[in-house]
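S.K.: This is the structure I have questions about; it appears just below.
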Amino acid sequence: MAELATIARPYAEALFKASAADSKAVLTWLDELACVAQQAQLQQFADSPKATHAQVYEVITGVLKSVLDSRAQNFIRTVIANDRLAFVPEVAAQFRALVNAQSGSSDAVIYSAFPIEGAALAEVSQMLEKRFARQLNVSVELQPELIGGIRVVVGDEVLDTSVKARLEQMKMALTV
């Protein structure tokens, strides 16, 4: 949705300029805030004419686990005052893109049927960095329906070596 991105962009850019020195720390609390802001119950409460901005702020800060500095508190108050709480997940995504562009890295999500941890994750990560020719910020999400193997998403690029994908390829080949 273009409107969502258009509204979120100034917030992400302003936050990025204000946090050039410690963008990783901002990313931590911004991702957490984005998860909280996505909750339908919070959105309903924030949209209620009976709820004040101070009450919405108190609910949000009460739920967050991170300790918020003054910049984070000001950001939350600004978003609430401008009725932009629903746009926080998009702000977080655009902020992450700005941080990645500055550091020359990309986010990579590895979907796996089984947990990947420790040395195995480091090995897979190193192989993927060679394959995609850039530094990757890797996260792992479980998808048991893959049966085995992995599916990697880096931006708009997908590398699918899962058993499910191979079975689909075999099905297509046999039905032609």
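S.K.: With each pseudo-label sitting 7 Å past Cα toward Cβ, what's the Ala97-Leu68 distance in nm, one decimal?
M.R.: Output for this residue pair reads 2.5 nm.
S.K.: Multiply the residue gap between His53 and Leu159 by 0.36 nm, knock off their C-alpha separation, and tell me the result in nm, one decimal place.
M.R.: Details: separation 106, 0.36 × 106 = 38.16 nm, distance 4.46 nm.
33.7 nm is the gain from fully extending His53 to Leu159.
S.K.: Okay, next question. Would you mind checking which residues have amide H under 5 Å from Ile150's amide H? H placed 1.01 Å from N; only 5 or more apart, or other chain.
M.R.: Thr161, Ser162
S.K.: Let me ask another. Over the chain, consider all pairs of different Cα atoms and compute the Kirkwood hydrodynamic radius from their mean reciprocal separation; express it in Å, one decimal. Walk me through the numbers before you get to the answer.
M.R.: Numbers: mean 1/r = 0.0540 Å⁻¹.
Evaluated over the chain, this radius sits at 18.5 Å.
S.K.: For the chain, which DSSP H helices look membrane-span-like by this rule: Cα extent along the axis of 27 Å or more and mean Kyte-Doolittle of at least 1.6?
M.R.: none
S.K.: Turning to a different aspect of this structure: Between Ser139 and Ala5, what is the label-point separation in nm under the 7 Å Cα-to-beta-carbon projection?
M.R.: About 2.0 nm, to one decimal.
S.K.: Take the solvent-accessible surface of the protein heavy atoms, probe 1.4 Å, and return the percent of it on region 1-130 that carbon and sulfur atoms account for.
M.R.: 56
S.K.: Continuing with the same structure: Restricting to the chain, compute how many DSSP beta bridges are antiparallel as a %, nearest 5.
M.R.: Details: 9 of 17 bridges.
Bridges in the chain are about 55 percent antiparallel.
S.K.: If you don't mind, there's one more thing I want to ask. Which value, in debye to the nearest 20, gives the size of the charge dipole of the chain about its Cα centre, when Lys and Arg are +1 and Asp and Glu are -1 at the Cβ?
M.R.: Charge dipole of the chain: 140 debye, to the nearest 20.
S.K.: Follow-up question, since we're still on this one. Starting from the residue with the highest accessible area, list Val176, Val140, Val63, Val26 in decreasing order, probe 1.4 Å. Walk me through the numbers before you get to the answer.
M.R.: Working: Val176 150, Val140 50, Val63 85, Val26 0 Å².
The residues order as Val176, Val63, Val140, Val26, largest area first.
S.K.: Do you know the relative contact order of the chain, to the nearest whole percent, from alpha carbon pairs under 8 angstrom that are 6+ apart?
M.R.: Working: 180 pairs, mean separation 36.6, N = 176.
Once normalised by length, the contact order is 21 percent.
S.K.: Please work out how much accessible surface Arg77 shows to a 1.4 Å probe, ignoring ligands, DNA and RNA, in Å² rounded to 10.
M.R.: For Arg77, solvent-accessible area is about 110 Å².
S.K.: Then there is this: Roughly how many nanometres apart are two label points built 7 Å out from the Cα toward the Cβ at Gln43 and Glu117?
M.R.: 3.4
S.K.: Now a separate question. Rounded to the nearest 500 deg cm²/dmol, what is the calculated helix-only ellipticity per residue at 222 nm for the chain, with -39500 (n - 2.57) per DSSP H run of length n ≥ 4?
M.R.: After summing the helix terms and dividing by residue count, I get -19500 deg cm²/dmol.
The values are calculated or read from the model by the stated rules, or taken from the named source; none is laboratory data. Because the structure is a prediction, the values reported are computed rather than measured. Every residue, glycine among them, receives a Cβ derived from its backbone with ideal geometry; neighbour counts consider all protein chains shown. Just the protein is used for accessible areas: all its heavy atoms, side chains included, with ligands, DNA and RNA removed. Shrake-Rupley method; radii C 1.70, N 1.55, O 1.52, S 1.80 Å.
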